[in-house]
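The values are calculated or read from the model by the stated rules, or taken from the named source; none is laboratory data. Please read these numbers as outputs of a predicted model, since none were measured by experiment. When we count neighbours, we look across all protein chains shown, and the Cβ atoms used for this are built from the backbone with ideal geometry, even at glycine. Note: areas computed on protein heavy atoms with side chains; ligands, DNA, RNA excluded. Shrake-Rupley method; radii C 1.70, N 1.55, O 1.52, S 1.80 Å.
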Amino acid sequence: EENRKANYIARNFDLDGLKSMGFIKSKTDFKAIEERIIKFFKIPSIFDYDTYVAQPLFNKGKRSDHDLMNKFWIKSAYSNLEEINNPNDFDAEELKKLVPKIRPYSRLEKNGLLTVVRALYIVGVTVIVQKHVPKTSVKGATFIVNGKPCIIITDYYDRYDLLWFTLFHEICHILYDMEDLKRNRYHLTGYSDLLLLNEDRANHFARTMLFSDEKMDFILPNIGNPFVVSKYAEDNSVHESIIYGFYLYDNGDKSRTLYPKYKKYLISSEIATKPIKMNAWTTEDPTEEIKKIVELISN
């Protein structure tokens, strides 16, 4: 029986990845690994890992270490969101009213995101920020938990401008793809879209809500003048790093040569996410970490 459990763990978990992120302390102590997984996911036995928690959508066949880490990330995220269990009813109409009011909070580097997260929580949308997990490339994700939409943003790029872009991108999926999300329970941004959701629409929505193409065309002749860009950002209630981020993106291959000149304007997302970033993977009791986050975003 112990060999059967050890074999199951070896086949279903990337032990190198779990150790590097601090989830387990040893790759060979299978008894300790089993206990850690059971306690974290609150499942009856190790063999319930596949059936008790959200089942990721991956192509069949031999799974890579990346698939195993993605699977673990999805299951742990879903489990955490279930425990948060936002008590507020989801109100799509209130969300629509709230969305146009979000952009100005990007200018408040330390507390703007937290303020927005609290407002979204009230209309039934839970938002949490998580540390990037090794061997994954998830920038953001939308989950449906207990019938309500939830957003997870990671620090994959550690860029303040992309933090806000990802938030609006995921909000777009909630506004336009709820029925598909309800059927499939989650969607990952940054992976081939198994749900066939409209990523271009979500990107366009995020771009428009933050800084439209028309505004970019207007500031473009003065993009090299930081004073003018700063003033224009202030006039349009948006953080200047978002303007520079879009400018680099629009320049595609040329952005590599432009990046050294503008990177000083692309500040770290840590300034906004530090108070609300959740890392339940390294704590003995993840429930305590979740309680802290709930207390923070519900007040």
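If you check E170 against the conditions, is it in contact (Cβ under 8 Å) with a residue 12 or more places away in the chain, acidic (D, E) and either in a strand (DSSP E or B) or open to solvent by 10 Å² or more (accessible area, probe 1.4 Å) (or both)?
Numbers: in contact (Cβ under 8 Å) with a residue 12 or more places away in the chain: yes; acidic (D, E): yes; either in a strand (DSSP E or B) or open to solvent by 10 Å² or more (accessible area, probe 1.4 Å) (or both): no.
So E170 does not fit the description; no.
A search for C-beta distances below 9 Å between a residue of the stretch 30-41 that is in contact (Cβ under 8 Å) with a residue 40 or more places away in the chain and any residue that is charged (D, E, K, R), counting only pairs 6+ apart in sequence or on different chains, returns nothing.
Of everything in the stretch 66-113 that is open to solvent by 70 Å² or more (accessible area, probe 1.4 Å) and outside any helix (DSSP H, G or I), the residue that is farthest from Y176 (Cα to Cα) is K110.
Can you tell which of T142, T136 is of a type in the set (S, T, N, Q), under 11 Å from the mean Cα position of the chain (by Cα) and closer than 21 Å to L68 by Cα?
On the way: T136 fails: under 11 Å from the mean Cα position of the chain (by Cα).
Result: T142 is the single residue among T142, T136 that is of a type in the set (S, T, N, Q), under 11 Å from the mean Cα position of the chain (by Cα) and closer than 21 Å to L68 by Cα.
Under the condition of being within 17 Å of F165 (Cα to Cα) and in contact with a helix residue (DSSP H, G or I) (Cβ under 8 Å, 6 or more places away or on another chain), the residues counted in the stretch 259-276 number 8. Keeping to the stretch 216-256, report how many residues are among the basic types (K, R) and either closer than 21 Å to S269 by Cα or touching a residue at least 12 places away in the same chain (Cβ under 8 Å) (or both). Qualifying residue count for the region: 1.
Tell me yes or no: at least one residue of the stretch 117-128 is of a type outside the set (D, E), open to solvent by 10 Å² or more (accessible area, probe 1.4 Å), in a loop (DSSP other than H, G, I, E, B) and in contact with a helix residue (DSSP H, G or I) (Cβ under 6 Å, 6 or more places away or on another chain). Among the residues of the stretch 117-128, at least one is of a type outside the set (D, E), open to solvent by 10 Å² or more (accessible area, probe 1.4 Å), in a loop (DSSP other than H, G, I, E, B) and in contact with a helix residue (DSSP H, G or I) (Cβ under 6 Å, 6 or more places away or on another chain), which makes the answer yes. Has the stretch 64-86 got any residue that is among the hydroxyl-bearing types (S, T, Y) and modelled with pLDDT of 90 or more? Within the stretch 64-86, not a single residue is among the hydroxyl-bearing types (S, T, Y) and modelled with pLDDT of 90 or more. Within the stretch 29-44, the set of residues being at pLDDT 95 or above and surrounded by fewer than 14 Cβ atoms within 10 Å (Cβ to Cβ) comprises D29, K31, A32, E35.
Collect the residues in the stretch 137-151 that are among the polar types (S, T, N, Q) and either in a helix (DSSP H, G or I) or surrounded by fewer than 22 Cβ atoms within 10 Å (Cβ to Cβ) (or both), keeping them in residue-number order. Reasoning before the result, please.
Of all residues in the stretch 137-151, those among the polar types (S, T, N, Q) come to 137, 142, 146.
Answer for the stretch 137-151, where residues must be among the polar types (S, T, N, Q) and either in a helix (DSSP H, G or I) or surrounded by fewer than 22 Cβ atoms within 10 Å (Cβ to Cβ) (or both): S137, N146.
Mind listing just one residue for me: the one in the stretch 267-276 that is at pLDDT 95 or above and assigned to a loop (DSSP other than H, G, I, E, B) and, of those, farthest from I128 (Cα to Cα)? Applying the filter and picking the extreme gives I267. Each residue in the stretch 202-234 was checked for being closer than 25 Å to K139 by Cβ, crowded, with 18+ Cβ neighbours inside 10 Å and of a type outside the set (A, V, I, L, M, F, W, C), and 2 pass.
Here T257 clears all of (1) surrounded by fewer than 16 Cβ atoms within 10 Å (Cβ to Cβ); (2) of a type in the set (V, I, T); (3) not in a helix (DSSP H, G or I) except the condition numbered (3).
Name the single residue that is nearest to S79 (Cα to Cα) among those in the stretch 232-283 being basic (K, R) and under 22 Å from the mean Cα position of the chain (by Cα). The qualifying residue nearest to S79 (Cα to Cα) is K277. Within the stretch 277-299, the set of residues being open to solvent by 70 Å² or more (accessible area, probe 1.4 Å), in a loop (DSSP other than H, G, I, E, B) and without any contact (Cβ under 8 Å) to a residue 60 or more places away in the chain comprises E284 only.
Within the stretch 69-92, residues that are on the phi > 0 side of the Ramachandran plot and touching a residue at least 24 places away in the same chain (Cβ under 8 Å) have Cβ atoms under 9 Å from residues that are buried (at least 21 other Cβ atoms within 10 Å of the Cβ) and among the β-branched types (V, I, T) in these pairs: N85/T126; N85/V145, counting only partners at least 6 apart in sequence or on another chain.
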